Amino acid sequence: MASTYAVLSEGLEKRFGDVHALRSLDLAVPRGTVCGVLGPNGAGKTTAVRILTTLTAPDGGSAQVAGHDVRREPAAVRRGIGVVGQYASVDGDLTGAENLRLFARLLRAPRSRAAELLERFELTEAGDRPARTYSGGMRRRLDLAAGLITRPDVLFLDEPTTGLDPHSRNGIWDAVRELTGEGTTVLLTTQYLEEADQLADDIVLIDGGRATHSGTPAELKALVGSYAEVVVLDAAALPAAAAVLDQLTGSEPVLDAEKRTAGAVTTDPTVTLPLLVRELDAAGVGVVDAGLRPPTLDEVFLRLTHRKRAGHPVPDRPSAGHPVADGPPTDHSRKEPAA
């Protein structure tokens, strides 16, 4: 019987000389979902993807992708995956149609697949034009089409919308949603956290060579709590506003003199908007606006990847019970490392 997981790894290890890039990486990605893999530069994301796509051999542990072992069945793994890297893989001197027909021939896919994908990604009218004449969004759609020539079970997608305008970005996001709706599994690596928030069913956060947190975007946001933000009348009042936030939240406030804002995260449920307003009034801080809102995924990322250095520890487990560091993988658990 086919595995529930499109990507499954246990205890992956990788060293490059003295650098321990991956430290016992466990990963379990259910079929037909988007898994966002996030982390600071050098965290191990690229190393993990290279192992899962058979480009690099692990030093220890095991991994299966699309039902095949990456060590024992690398050719079968490659037949079951598509890879769309950060940089365009298409030839600018060839037309869009010629690029896709070339990929189809190399990968022994039907020639008709090229025309099918041109239509799917709204590139038919531009199909006879050299790819170098395409806009950034069109080239990215052509890249994505090339990665789908073989109808892969698993698509590895790296920074799919970097440099694109909002309209082009939304088009790529819609295409990814369609793919998962048809059963394709997507492993997404991105530094654009709104993208992960929009697309990912589950997120793995890698920091310092280890998978430190995992869960849905909402669960990771719940780890951080709420974000209290104040807009003051006069920038000179920012230190006083920061002192109030520091006392209430126990977190170091972030100040923006140009916008006249002070903000801080809090996991304390007793911190309410009325309390915040009363404390600001008592401190004589003139306020234009004040509010409590859920944190953005960017704020979660900064908070969780810098919590030790900032000296503000956070809980190690999301509220919904997703394993965070050690422990066996479940539908939404993963444990991964760095590069």
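Some observations on this one:
- Scoring Ser24 on the criteria (1) of a type in the set (S, T, N, Q); (2) at pLDDT 95 or above; (3) more than 18 Å from Asp158 (Cβ to Cβ) leaves a single failure, condition (2).
- Those residues of region 173-196 which are out of contact with any strand residue (DSSP E or B) (no Cβ under 7 Å at 6 or more places or on another chain) and under 17 Å from Gly32 (Cα atoms), in sequence order: Trp173, Asp174, Ala175, Arg177, Glu178, Gly181, Glu182, Gly183
- Tabulated pairs, region 260-286, first of a type in the set (Lys, Arg), second open to solvent by 70 Å² or more (accessible area, probe 1.4 Å), C-beta under 9 angstrom, 6+ apart or interchain: Arg260/Leu233; Arg260/Asp234; Arg260/Val288
- The strands (runs of 3 or more DSSP E) found entirely in region 10-121 that carry 1 or more residues being of a type in the set (A, V, I, L, M, F, W, C), open to solvent by 30 Å² or more (accessible area, probe 1.4 Å) and in contact with a helix residue (DSSP H, G or I) (Cβ under 7 Å, 6 or more places away or on another chain) are 81-84.
- Residues of region 122-160 that are closer than 19 Å to Ile172 by Cβ and either open to solvent by 60 Å² or more (accessible area, probe 1.4 Å) or of a type in the set (D, E, K, R) (or both): Glu122, Thr124, Glu125, Arg139, Arg140, Arg141, Asp143, Arg151, Asp158, Glu159.
- Checking Thr184, Thr180, Thr212 one by one, the residue that is under 19 Å from the mean Cα position of the chain (by Cα) and modelled with pLDDT under 90 is Thr212 and no other.
The values are calculated or read from the model by the stated rules, or taken from the named source; none is laboratory data. This one's a predicted model, so the numbers in the text were calculated from it and none came from an experiment. Counting neighbours? That spans all protein chains shown, and the Cβs are built from the backbone with ideal geometry, glycine included. The accessibility values were calculated without ligands, DNA or RNA, using every heavy atom of the protein model including side chains. Shrake-Rupley method; radii C 1.70, N 1.55, O 1.52, S 1.80 Å.
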